[in-house]
Amino acid sequence: MSKLGNLGARLYRGEVGYDFVAKRKIWYGISILITITAIVGLAVRGLNMGIEFKGGAVFTTDRATVSAAQAKEHAEEASGHDAIVQQLGNGGLRIQVSSLDTKQASKVEEQLAKDLNIPQDEINADLVGPSWGEQIANKAWMGLAIFMILVVLYLAIAFEWRMAVAALIALIHDLTITVGVYALVGFEVTPGTVIGLLTILGYSLYDTVVVFDGLKEGSKDITKQTRWTYSEIANRSLNGTLVRSINTTVVALLPVAGLLFIGGGFLGAGMLNDISLSLFVGLAAGAYSSIFIATPLVADLKERDPQMKALKKRVLAKRAAQGGDGSGEPGEDASAGLPQGAASATAVVGQRGIRAPGKRR
């Protein structure tokens with residue numbers, strides 16, 4: 001068995017682990033800092049909306065007599081607006097100019113034919129109205145709202161309302177970071193970007209639901225035992241699916257990274273950036289929120305329940321009576337209550353193991 005597979009098996013059995021829940025304040029602080037940065041970037045720089053949302057014209061020619069940089073200069077001089085020029089695979093050019101109406105587009109097309117030294121009938125002009133992009137945006141917002149409502153209802157029914165709230169916060173966290181990155185980087189927002197944003201919601205929710213399912217099973221009849229607190233069971237459930245979450249995210253990120261860095265970067269296929277950046281950032285943010293935000297937040301909310309508070313007191317009192325350290329944050333001492341031998345073998349990273357009664361090192 002590989003080292004990673006062996007680690008995953010030991011994490012699943014609770015032999016090793018990392019105390020994510022006990023260190024939740026650190027993760028909350030990091031997430032708040034990243035979210036504030038994204039919001040500031042969005043407020044200061046704003047989003048670079050594509051032609052589909054602002055309206056404009058796209059001029060395409062199958063052959064080019066000038067470079068893309070020269071064509072960009074000619075297009076901006078002819079239109080008085082910023083232009084985006086892309087080199088096509090057949091040697092032609094795609095010139096995109098925003099905020100043009102029909103009359104202005106005709107003048108720009110005529111001037112471009114002269115500047116590029118090609119016949120005007122070899123330039124294909126497509127006019128895009130802003131109303132089309134507005135309809136896409138409205139449908140996207142409607143789809144997002146319906147998705148969020150259905151997610152909250154499903155999680156509240158299948159699990160409980162605390163998990164629904166935590167999952168909703170994690171989804172909003174992922175969307176905010178992804179949109180903020182678009183504002184900071186300055187990539188163009190197109191319908192492909194909207195598709196990418198809606199796609200990452202499913203990826204973000206997947207790992208969260210897997211952990212919640214394990215947590216629901218592990219916390220069944222939790223008040224009838226005095227071995228673990230709710231936070232400790234939540235942390236064990238999280239560690240049990242940690243390697244699977246990492247593997248799933250890495251496998252999903254590799255092809256997306258190929259589209260973003262190779263296709264969009266080295267090969268110059270700028271249109272691939274529309275969807276690949278949102279997928280790349282969203283997948284990474286989704287994996288982070290599933291591990292560091294959703295589950296610790298559920299544990300935080302659950303520990304406020306009177307039954308869980310009483311359970312924690314009983315657990316800590318029992319440990320103190322057995323000679324263990326009964327103090328600490330919820331989520332620590334996850335090896336308490338294990339059989340002798342298992343407790344001493346539990347090398348929990350970031351946690352303090354409980355020595356079995358009568359055992360001395």
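Peptides 193-203, 224-234 ranked from most to least packed give 224-234, 193-203, packing being the mean of other C-beta atoms within 10 angstrom over each peptide's residues. Holding the Cα-Cα limit at 29 Å, pick out from Lys220/Lys313; Lys216/Lys309; Lys114/Lys139; Lys25/Lys309 the pairs that are longer than that. Beyond 29 Å between Cα atoms: Lys114/Lys139.
A Förster distance of 45 Å, applied to the separation of the beta-carbon atoms of Ala68 and Ile136, puts the FRET efficiency at 0.95.
Computed from the C-beta positions of Leu184 and Arg304 and an R0 of 35 Å, the FRET efficiency is 0.45 to the nearest 0.05.
Once the C-beta distance of Lys103 and Ala158 is scaled by a Förster radius of 51 Å, the resulting FRET efficiency is 0.35 to the nearest 0.05. Here the simple spin-label model places points 7 Å from the Cα toward Cβ, and for Ala145 and Arg244 these points are separated by 3.6 nm. Cross-link partners for Lys107 among the lysines, with Cα-Cα distance under 24 Å and sequence neighbours closer than 8 places in the same chain left out: Lys54, Lys72.
Rule-based calculations on the coordinates, nothing more; no lab input. Predicted model only: the values in this text are computed from it and were never measured. Don't worry about glycine lacking a Cβ; one is built from the backbone with ideal geometry, like all the others, and counts go over all protein chains shown.
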